[in-house]
Amino acid sequence: MEILLTKLLISKGELVNSEITSVEESIESVKTSREWLHLQKIDDILDYIDMVGKQWSDNYQNEIGVNSSHVKNFLSKSYLENKLDIALHGNRHSLDSFVDLGDPKLLFHAQPRGISCHWIAGNVDILGIFSAIQSLITKNVSIIKAPSNYDLLVELISSLKNINTEKISGSDILKCFEVLYIDKNDEKNQRIMSNSADIRVAWGGQDAIRSITALPKDPFTEDIIYGPKYSYVIIDEESIKNQMMELSQKIALDVSTFDQYACSSPHTIFVKTKDKKIISDFANSLSKAMENVERILLPKVKETEEKSNEIISTRSEYEIKGKVISSKNLSWTVIISNEEGFAQPTFSRVIHVRPYNEKSITLKDNRKIQSIGIAINDEERFDLVDKITFFGGDRCPSLGKMSFFDSPWDGMFGMDRMVRWITTYK
């Protein structure tokens, strides 16, 4: 008989590490903090999160890696004030009380939905933390199903206890989180967790998302799904001529961050040119940048045997169909071909460079597209972005920042989805 392991990692404001049989106690525990969190002023919460961002960036820079500066920026008070105001229809103080949003007859108040349950994928644990923070600043308590490699996640969340401001104690904040490890095959506890959710936030690939969304839930539960999606890049001839090395470095960083397992990581680069030499020169420049990123910034973790075989197979296929430039080992691979459309993702720093053909991108609706990195002439950029995102694509960030979590994400303002809008007459 298979033994399914469920562990309690953070509970009742304390760091623990003990096996449990049921998650029901965690559900009841986190409920007790709902009223306390509701009474906190949003500006005081943002002051606290601003402190968290500084502490995490200073104390966990090595563990977080190249995203540490982004974590600090995302958690800054000024950034979150702006993002909350946009997401909550112009006034973040709707989280505290009834406010005027411009209707001549009504006032509006954003109430938290209640318990936010997060299924965090192991390959994007830092991104998953952002959704937990978004839940906190919309005054929802959280139950987090941690991935198997949960050490950094637990360390960051548990550190909240030691961060205090004049108005808010970290001990009280930590009680707003219960963190558990639940075996992916433990259907019983996952069903209990899902049934308790007022919000379900799911990160992961296609199989994980299907498994999570298939769990039973209350009819009024809000689902926020991050993944599975596909990202790519469009660059033009002029941009390559003006800044080839800089573009190569930025794209190499986008490819290497999360080893392409994040939905925002690009797999295909489309080059708008009729000159094959420009494509070849750019691919060579990108190869050098991939090598530098792997050697200096983001050393790659060794692949599984299965992934190694897949990379070798992909390289062999395109040595016949195109051209392959790669590291001596399996650290990175740049593939040039004349194929049209999106390359099948291999992940693990395998990137395809192809000529741009608008029809192959806008041929049909494709809601699986997430990020489209853009480096093209500004005079045509907005028209192109409008055209390609009509069929699919949620964001068109600048290169080098494709994996920076932002709001909106995956085409939605997650924080707006985390509240219920209450109205009363003026």
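The values are calculated or read from the model by the stated rules, or taken from the named source; none is laboratory data. Treat the numbers as computed from the prediction; the structure is a model and nothing was measured. Don't worry about glycine lacking a Cβ; one is built from the backbone with ideal geometry, like all the others, and counts go over all protein chains shown. Accessible surface areas use protein heavy atoms only, side chains included; no ligands, DNA or RNA. Shrake-Rupley method; radii C 1.70, N 1.55, O 1.52, S 1.80 Å.
If you go through region 341-374 and keep only what is open to solvent by 70 Å² or more (accessible area, probe 1.4 Å) and within 21 Å of Gln260 (Cβ to Cβ), you end up with Gln344, Arg367, Lys368.
The set of residues in region 40-69 that are part of a loop (DSSP other than H, G, I, E, B) and at pLDDT 95 or above comprises Gln40, Lys41.
The C-beta contact set for region 277-306 (first residue open to solvent by 40 Å² or more (accessible area, probe 1.4 Å), second residue in a loop (DSSP other than H, G, I, E, B) and of a type in the set (A, V, I, L, M), distance under 7 angstrom, 6+ apart or interchain) is empty. Scanning region 186-225 for residues that are part of a strand (DSSP E or B) and open to solvent by less than 10 Å² (accessible area, probe 1.4 Å) turns up Ile199, Arg200, Val201, Ala202, Ile224.
When Lys72, Lys83 are checked against the criterion of being surrounded by fewer than 21 Cβ atoms within 10 Å (Cβ to Cβ), basic (Lys, Arg) and either at pLDDT below 95 or more than 17 Å from the chain's Cα centre (by Cα) (or both), a single residue qualifies: Lys72. Of all positions in region 242-261, none carries a residue that is part of a loop (DSSP other than H, G, I, E, B) and small (Gly, Ala, Ser). Only one of the listed residues (Lys288, Lys328, Lys302, Lys364) is of a type outside the set (Val, Ile, Thr), closer than 25 Å to Pro397 by Cβ and modelled with pLDDT under 95. That residue is Lys364.
Scanning region 192-249 for residues that are among the small types (Gly, Ala, Ser) and touching a strand residue (DSSP E or B) at 6+ places or on another chain (Cβ under 8 Å) turns up Ser194, Ser196, Ala197, Ala202, Gly204, Ala208, Gly227, Ser231, Ser239. Would you confirm, using the coordinates I've provided, whether Ser26 is touching a residue at least 24 places away in the same chain (Cβ under 8 Å), among the small types (Gly, Ala, Ser) and within 28 Å of Gln190 (Cα to Cα)? Answer is yes for this residue.
For region 105-126, give me each residue that is touching a residue at least 60 places away in the same chain (Cβ under 8 Å) and over 20 Å from Leu37 (Cα atoms). Across region 105-126, the qualifying residues are Lys105, Leu106, Leu107, Trp119, Ile120, Ala121, Asn123, Val124, Ile126. Among the criteria (1) within 17 Å of Ser265 (Cα to Cα); (2) open to solvent by less than 30 Å² (accessible area, probe 1.4 Å); (3) touching a helix residue (DSSP H, G or I) at 6+ places or on another chain (Cβ under 8 Å), the one Ser327 does not fulfil is (1).
Annotation: of all residues in region 92-108 being assigned to a strand (DSSP E or B) and in contact with a helix residue (DSSP H, G or I) (Cβ under 6 Å, 6 or more places away or on another chain), the one that is surrounded by the fewest Cβ atoms within 10 Å (Cβ to Cβ) is Val99.
For region 405-420, filtered to residues that are crowded, with 17+ Cβ neighbours inside 10 Å and assigned to a strand (DSSP E or B), the residue that is modelled with the lowest pLDDT is Trp409.
Screening Ser131 on (1) at pLDDT below 95; (2) touching a Lys or Arg at 6+ places or on another chain (Cβ under 8 Å); (3) hydroxyl-bearing (Ser, Thr, Tyr) shows it passes everything except condition (2).
Could you count how many residues in region 375-396 are open to solvent by 20 Å² or more (accessible area, probe 1.4 Å) and closer than 23 Å to Gln243 by Cα?
10
Of the set (1) touching a helix residue (DSSP H, G or I) at 6+ places or on another chain (Cβ under 8 Å); (2) not in a helix (DSSP H, G or I), all apply to Met290 but (2).
The residue list Ile192, Ile168, Ile163, Ile137 contains one member that is farther than 24 Å from Glu25 by Cβ, hydrophobic (A, V, I, L, M, F, W, C), out of contact with any Phe, Trp or Tyr (no Cβ under 8 Å at 6 or more places or on another chain) and modelled with pLDDT of 95 or more, which is Ile137.
Checking Gly53, Gly90 one by one, the residue that is without any contact (Cβ under 8 Å) to a residue 24 or more places away in the chain and either within 18 Å of Lys161 (Cα to Cα) or in contact with a Cys (Cβ under 9 Å, 6 or more places away or on another chain) (or both) is Gly53 and no other. Within region 50-69, being touching a helix residue (DSSP H, G or I) at 6+ places or on another chain (Cβ under 6 Å) and either of a type in the set (Lys, Arg) or open to solvent by 80 Å² or more (accessible area, probe 1.4 Å) (or both) holds for Gln61, Glu63. In region 150-182, the residue that is farthest from Pro112 (Cα to Cα) out of those that are open to solvent by 10 Å² or more (accessible area, probe 1.4 Å) and touching an Asp or Glu at 6+ places or on another chain (Cβ under 7 Å) is Leu152. Among the residues of region 15-39, the one identified as over 27 Å from the mean Cα position of the chain (by Cα), part of a loop (DSSP other than H, G, I, E, B) and modelled with pLDDT of 95 or more is Thr32.
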